[in-house]
2 protein chains.
Amino acid sequence: MTDTLDAPNARADFGRRLRQLRQDRGWTLTDVSQRSGLAISTISKAERGVISLTYDRLSQLARGLDVDLAALFHAEGHSFEPGSFAVARKGEFKRQETPNYVYEMLFPDMWNKAMTPMMGSLKAREFVQFEDFVRHPGQEFLVVLDGSVTVFVEGREPVLLNAGDSIYFDSSVGHLYASDGDRDARILVVCVPSPGV
Amino acid sequence: MTDTLDAPNARADFGRRLRQLRQDRGWTLTDVSQRSGLAISTISKAERGVISLTYDRLSQLARGLDVDLAALFHAEGHSFEPGSFAVARKGEFKRQETPNYVYEMLFPDMWNKAMTPMMGSLKAREFVQFEDFVRHPGQEFLVVLDGSVTVFVEGREPVLLNAGDSIYFDSSVGHLYASDGDRDARILVVCVPSPGV
DNA sequence: ACAAAAATTTTCCTATCGGAAAAATTCTTG
DNA sequence: CAAGAATTTTTCCGATAGGAAAATTTTTGT
């Protein structure tokens with residue numbers, strides 16, 4: 001009930017996007033109708049935001065347009081503001097501290113980023129204090145900027161990375177970082193969440 | 001007409017996924033009803049695949065479940081090989097050279113990465129030699145590891161970044177990097193493609 | 001084990017979707 | 001500029017979504 005007001009706009013935007021997809025391919029309503037099995041009029045109305053397609057029709061239409069259903073929604077208005085950009089200056093980060101790490105998320109107030117870059121410092125430690133493995137659906141990329149880092153991936157041998165080395169892994173598998181040696185280490189981590197959950 | 005047969009299955013799968021999302025959060029139908037503004041019965045039917053939600057309702061429901069609309073449609077299957085990981089050692093990269101850049105894609109032979117990390121060197125230049133802007137759907141993140149870099153984003157003022165600074169932007173907008181000053185610059189770039197298209 | 005409460009499903013009915021065909025608009029071509 | 005073709009929009013109506021409330025099932029407390 002709350003958002004009945006702006007809903008039509010979202011629908012209209014979505015419609016424009018549908019039309020864009022169709023026209024990008026140089027197809028007519030008739031073409032898409034044949035490819036999708038939807039009535040011409042239905043597609044026409046959907047593109048203009050006159051009606052609100054059901055899941056079944058959206059599903060058909062996606063196939064007709066030859067895109068993954070999820071793709072229909074991805075580049076949508078609320079992805080992140082198309083054309084926008086943001087700069088993060090060194091040291092201007094929002095700090096977040098845990099016993100072993102100091103994390104600084106780079107663009108904390110930017111919505112809907114496809115990836116989450118973080119700068120981190122790992123404190124030098126006598127020996128690894130085993131906290132729990134971290135797990136979160138998605139993929140993670142880590143590059144060592146300075147120092148040495150041991151990466152523990154659940155069920156695997158530890159991996160030692162030196163400055164310039166990097167690792168890419170499924171972040172739903174338990175993982176944990178620790179500075180190796182007597183210096184603090186600097187790392188850059190980028191996470192891509194798997195959508196949903 | 002063609003896919004009337006499997007459509008119900010897709011819808012049912014989708015419904016199960018909706019229920020999963022709700023239960024993962026420990027919410028009842030009533031909870032989601034309040035959060036989304038949808039009737040309890042509507043959510044119940046949708047979860048069981050009895051009805052096929054319209055775009056408007058899907059949109060509301062996504063907000064109620066606190067997920068991006070696109071996330072609702074992502075099949076969990078095609079993440080990337082679950083549990084796998086890869087290490088890239090400094091200097092072991094596949095080199096790719098253009099007049100202004102030297103790029104080294106970090107995990108070139110790994111399939112289905114959600115993001116594409118690249119190490120790059122920007123050659124020092126007297127003044128910017130204007131090649132064409134680069135454009136590709138998705139989002140891009142750049143961090144300056146060493147030196148200074150000027151980032152040109154189409155339609156905007158150039159942005160000067162020093163070591164440690166970073167920028168995050170919509171990569172479908174034309175962009176271009178150049179080393180600033182008399183030294184070569186080292187950068188790390190991570191791209192996330194927008195699916196579809 | 002039973003009663004009360006909570007959660008989910010079913011029923012009933014109205015609003016809206018979606019298809020077929022007619023009407024209108026836009027695009028070609030002489 | 002006009003006639004005809006191609007494309008899009010509108011109209012009309014049957015099919016289905018979606019809300020309110022009753023009925024059922026499941027859970028909780030004693």
If the label for A:Val134 sits 7 angstrom from Cα along the Cα-to-Cβ line, what are its distances to the same label in every other copy, in nm to one decimal, shortest first? 2.8
For label points placed 7 Å from Cα toward Cβ, what is the shortest-first list of nm distances from B:Asp31 to its copies? 4.7
Shortest first and in nm with one decimal, please list how far the B:Ala12 label point sits from its counterparts in the other copies (point 7 Å along Cα→Cβ). 4.0
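Read-outs: derived from the displayed coordinates by stated rules, not from any lab. Keep in mind that what you see is a predicted model, and the values were worked out from it rather than measured. A quick note on method: Cβ atoms are made from the backbone with ideal geometry, for glycine too, and the neighbour counts reach across all protein chains shown.
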